[in-house]
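K.L.:
Quick one: structure below, then a few questions.
The values are calculated or read from the model by the stated rules, or taken from the named source; none is laboratory data. Worth saying up front: this structure is predicted, and the values here are computed from it rather than measured. Here the Cβ is made from the backbone with ideal geometry for all residues, glycine too, and neighbour counts use every protein chain on show. Calculation scope for accessible area: heavy atoms of the full protein, side chains included, ligands and nucleic acids excluded. Shrake-Rupley method; radii C 1.70, N 1.55, O 1.52, S 1.80 Å.
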Amino acid sequence: MEYFGRRVRGIVPYTAGEQPRDRRYVKLNTNENPYPPSPATLQVLRAFDGAALRYYPAPDADDLCAAIAEAEGVGRENVLCGNGSDEVLFLTFAAFFDESRGVCFPDITYSFYEVYAGFFGVPVAMVPLRADFTMDLAAMAKAECAGYYIANPNAPTGVGIPAERIAAFAASVPECIVIADEAYMDFYGQSCARLTSAHPNLLVVKTFSKSYSLAGIRCGYAIGNAALIGALRSMKDCMNSYPVDALCQAVCAAAVRDRAYHDETVARVVAERGRLRDALLALGFTVPESKANFLFAGRAAKSGKEIYTRLKEEGVLVRFWDKPVLRDFCRITVGTPEQNNKLLASLQHILFL
Ligand SMILES: *Cc1c(COP(=O)(O)O)cnc(C)c1O
């Protein structure tokens, strides 16, 4: 008997970072924000009218989209929300690509793009990063494809591209859709969101999971011209009319409207990012300059796996991938000053004792 459809056979799903419950780790492995979400979101949670949960939520999350549109400087018709930006990325594959409309992205980037391409049978052209981990946009522009996924800043390297360069790239490939995955953009401040009005082939995808400290509630969004957003909405309505639940809509709207808290926690992470990178360089690590809330660190004569394994024994969790290039590095989320000090003390111990 064969119970499975062709999509199940041979598919390699995305592997999320571990969320262990066996002991309390200093958890620097999944790029969560070390600070709690805005007090305004906690207020919304406490005041939430549970009885209202008997109604379906607003299918297009109107109030949340209005709050996002205002914060991002775009129109309400330029925003679509989903159940995490991973879902929004899934919708972009459904809307824009198919067996004859392939995609291009760097060989080292967010590994979900390849999973979605496999799921939808979309051909992939991969372009190697340069030796300094920057993206080779000139080589990418020459690829045979219908669109691009550009994580900016890139994962897991943290390397960023200025907004004008992304816009110029989009202008240079007018027949293609350019999807800028800005999951970590708030730690860089070079968003292309406002540039989408001048670039009809540019779509920006963002998330509440990182800079807003709301990974647990699952919300992400796309920003782009109304035609692209309309295509995404029709895909959404083929899959789930209500991907963003009522509680999520209210909490995320409060988070977006509390800019002061958001900007302050982002500034704290950015300050620690600089301090942590300097300390890792002093310990002999190679660390590309990061514009995100994590650092990509590798050290001669120590494999990423050894660093990862020894850190885990010391109660510090970082991310490691057993793949070419990546296996010489670990990805380390920037934590609080105390968490980062614990990481550095453990590394000191591992390397020199
Ligand atoms: C974390 C991340 C996402 C997904 O975030 P969600 O939690 O699904 O909103 C998307 N892209 C990149 C590059 C990420 O690192």
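K.L.:
Could you order 164, 175, 18, 87 by accessible surface area, starting with the largest, using a probe radius of 1.4 Å?
P.N.:
Correct descending sequence by accessible area is 175, 164, 18, 87.
K.L.:
Quick one: which residues, 5+ away or cross-chain, put their amide H under 5 Å from the amide H of residue 122? H built at 1.01 Å from N.
P.N.:
Close amide H contacts, sequence-distant or interchain: none at all.
K.L.:
Then there is this: Which value, in Å², gives the accessible area per residue of the chain when a 1.4 Å probe is used on the protein heavy atoms?
P.N.:
On the way: 15690 Å² over 353 residues.
Ligands and nucleic acids excluded, the figure is 44 Å² per residue.
K.L.:
Tell me the mean residue ellipticity at 222 nm calculated for the chain from its helices only (DSSP H runs of n ≥ 4, each -39500 (n - 2.57), averaged over every residue, nearest 500). Present the calculation step by step, with values, prior to reporting the outcome.
P.N.:
Values: 11 runs with 132 residues, N = 353.
Helix-only estimate at 222 nm: -11500 deg cm²/dmol.
K.L.:
Moving to a separate point now. Determine ³J(HN,Hα), in whole Hz, for all residues of the stretch 291-301 in sequence, where each value follows from phi through the Karplus function 6.51 cos²θ - 1.76 cosθ + 1.60 and θ = phi - 60°; x replaces Gly and Pro.
P.N.:
9, 10, 9, 8, 10, 9, 10, x, 9, 3, 6
K.L.:
Further, regarding this structure: Using a Gaussian network model on the chain with a 10 Å cutoff between Cα atoms, which of 300, 40, 231 fluctuates the most?
P.N.:
Checking each option, the largest mean-square fluctuation is seen for 300.
K.L.:
Could you work out, for the stretch 289-353, what percent of all Cα-Cα pairs fall into each 10 Å distance bin, beginning at 0 Å and stopping at the bin that holds the largest distance?
P.N.:
22, 57, 21, 0
K.L.:
Same structure, new question: Amide H to amide H, which residues 5 or more places from residue 147 or on other chains are under 5 Å from it, using H placed in the peptide plane?
P.N.:
104, 177
K.L.:
Which loop-located trypsin sites (Lys or Arg not before Pro) does the stretch 1-105 contain, where loop means any DSSP state but H, G, I, E or B and the Cβ has at most 15 other Cβ atoms within 10 Å? Before the final figure, lay out each step's value.
P.N.:
Numbers: sites: 6, 7, 9, 21, 23, 24, 27, 46, 54, 76, 101; in loops: 6, 7, 9, 21, 23, 24.
Here the trypsin sites (Lys or Arg not before Pro) that fit, given the DSSP loop and packing criteria, are 6, 7, 9, 21, 23, 24.
K.L.:
Show me 111-117, 147-153, 168-174, 326-332 ranked by packing, highest mean number of other Cβ atoms within 10 Å first. Could you put the intermediate results ahead of the total?
P.N.:
Details: 111-117: 19.7, 147-153: 25.4, 168-174: 16.6, 326-332: 23.3.
Peptide ranking by packing, descending: 147-153, 326-332, 111-117, 168-174.
K.L.:
Mind listing the long-range amide H neighbours of residue 183? Cut-off is under 5 Å, sequence gap 5 or more, other chains count too, H placed in the peptide plane at 1.01 Å from N.
P.N.:
152
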